[in-house]
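The values are calculated or read from the model by the stated rules, or taken from the named source; none is laboratory data. It should be emphasised that the depicted structure is a prediction, and the values quoted were computed from it without experimental measurement. Backbone-built Cβ (ideal geometry, glycine too); neighbour counts: all protein chains shown. The accessibility values were calculated without ligands, DNA or RNA, using every heavy atom of the protein model including side chains. Shrake-Rupley method; radii C 1.70, N 1.55, O 1.52, S 1.80 Å.
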Amino acid sequence: QVQLVESGGGLVQAGGSLRLSCAASGRTDSSYSLAWFRQTPGKEREFVAVITWSGGIKRYVDSVKGRFTISRDNVKNTVFLQMNSLKPEDTAVYYCAVAARYRDFYSYDQRDYNLWGQGTQVTVSS
């Protein structure tokens with residue numbers, strides 16, 4: 001069983017940057033995709049970004065394209081989300097999640113992910 005631990009959240013001014021990390025511990029599968037979702041109080045959880053095992057496929061929600069970059073280090077079993085040009089509407093709890101189905105699988109639907117981290121708070125002030 002793999003467990004995920006997010007870190008790197010915090011408070012930043014609009015236009016600033018943060019880098020989120022999600023480290024996998026325990027036994028890991030040889031291939032799986034990793035995604036970031038975010039959620040604010042009273043709102044449904046929203047897809048942010050996903051990366052496949054090789055890193056060759058990356059997808060983002062339109063609102064973060066050009067500002068956020070997802071990457072992974074398969075040796076350290078860690079996924080990153082580099083967030084630049086942050087906006088107040090980016091404020092949320094950010095969660096990482098794992099989907100292990102096949103090599104190039106990815107999804108925008110949270111129901112396709114079977115393992116989640118505890119979340120890390122990102123707050124962007126205006």
Original post:
Looking at (1) within 19 Å of residue 118 (Cβ to Cβ); (2) open to solvent by 50 Å² or more (accessible area, probe 1.4 Å); (3) not basic (Lys, Arg), which is the only condition residue 13 fails?
Top reply: (1)
Subject >> Subset of the stretch 53-87 (residues that are touching a residue at least 24 places away in the same chain (Cβ under 8 Å), of a type in the set (D, E, K, R) and closer than 18 Å to residue 18 by Cβ) >> reply: 72, 87
Original post:
Somewhere in the stretch 47-58, is a residue more than 14 Å from residue 86 (Cα to Cα) and in contact with a helix residue (DSSP H, G or I) (Cβ under 6 Å, 6 or more places away or on another chain)?
Top reply: no
Original post:
Which of the residues belonging to the stretch 98-120 are assigned to a loop (DSSP other than H, G, I, E, B), under 16 Å from residue 81 (Cβ atoms) and open to solvent by less than 70 Å² (accessible area, probe 1.4 Å)?
Top reply: 113, 117, 119
Original post:
Can residue 21 be described as open to solvent by 50 Å² or more (accessible area, probe 1.4 Å) and either assigned to a strand (DSSP E or B) or closer than 17 Å to residue 122 by Cβ (or both)?
Top reply: no
